[in-house]
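Taking it in order: structure first as structure tokens, then the write-up.
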Amino acid sequence: MSGCLWWMPKKKDQAVKPQEKPEASKGRILMVEDEEIVYKPLIEILSRQGYTVSHCADGKQAVEQYHNNWHSIDLVLLDLVLPFIDGREVFSYVNSVNPEARVIIFYGL
């Protein structure tokens, strides 16, 4: 089972204008997702909310990115089904580097 939740205004005049540019980042997110239809809108939404988002399209890139930047990453959004190295292995690596890491794992979106 998969799904996606989008918040939409009921009427056109109820629409809230997105924040143009956040003054300071609320945190840094590493998004690990290979499907463009999933990662593009999520990056847009999170960026508008003030987060700095780095993206990796496969597990190998994710391991390299986390290895080099783990100290500045506040959250990892991790797909389980990835090219080269799957999400379970990426999670194991992240956890071995930083057992306190915050990781949200998803699949089938």
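The values are calculated or read from the model by the stated rules, or taken from the named source; none is laboratory data. If you're wondering where the values come from, they're calculated on a predicted model, not measured in any experiment. So basically every Cβ, Gly included, is an ideal-geometry build from the backbone, and we count neighbours across all protein chains shown.
Observations on the structure shown:
Rundown of residues vs (1) surrounded by 17 or more Cβ atoms within 10 Å (Cβ to Cβ); (2) at pLDDT 95 or above; (3) basic (Lys, Arg), yes/no style:
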site	(1), (2), (3)
Cys4	no, no, no
Val32	yes, yes, no
Lys60	no, yes, yes
His67	no, yes, no
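- Checked against (1) under 10 Å from the mean Cα position of the chain (by Cα); (2) farther than 18 Å from Phe106 by Cα, His55 meets all criteria but (2).
- Flag set for Ser54, criterion: under 18 Å from Arg102 (Cβ atoms), modelled with pLDDT of 95 or more and either in a strand (DSSP E or B) or small (Gly, Ala, Ser) (or both).
- All positions within the range 57-107 that are of a type in the set (Lys, Arg) and in a loop (DSSP other than H, G, I, E, B): Arg102
- The condition (being modelled with pLDDT under 65 and surrounded by 11 or more Cβ atoms within 10 Å (Cβ to Cβ)) is satisfied by just one residue among Pro22, Pro9: Pro22.
- Listed by first and then second residue, the pairs linking a residue in the range 60-74 that is more than 14 Å from Ser92 (Cα to Cα) to a residue that is aromatic (Phe, Trp, Tyr) and buried (at least 20 other Cβ atoms within 10 Å of the Cβ), with Cβ atoms under 8 Å apart and 6 or more places separating them unless they lie on different chains, are Ile73/Tyr66.
- Hits in the range 69-92 (condition: crowded, with 18+ Cβ neighbours inside 10 Å and over 17 Å from Asp34 (Cβ atoms)): Ile73
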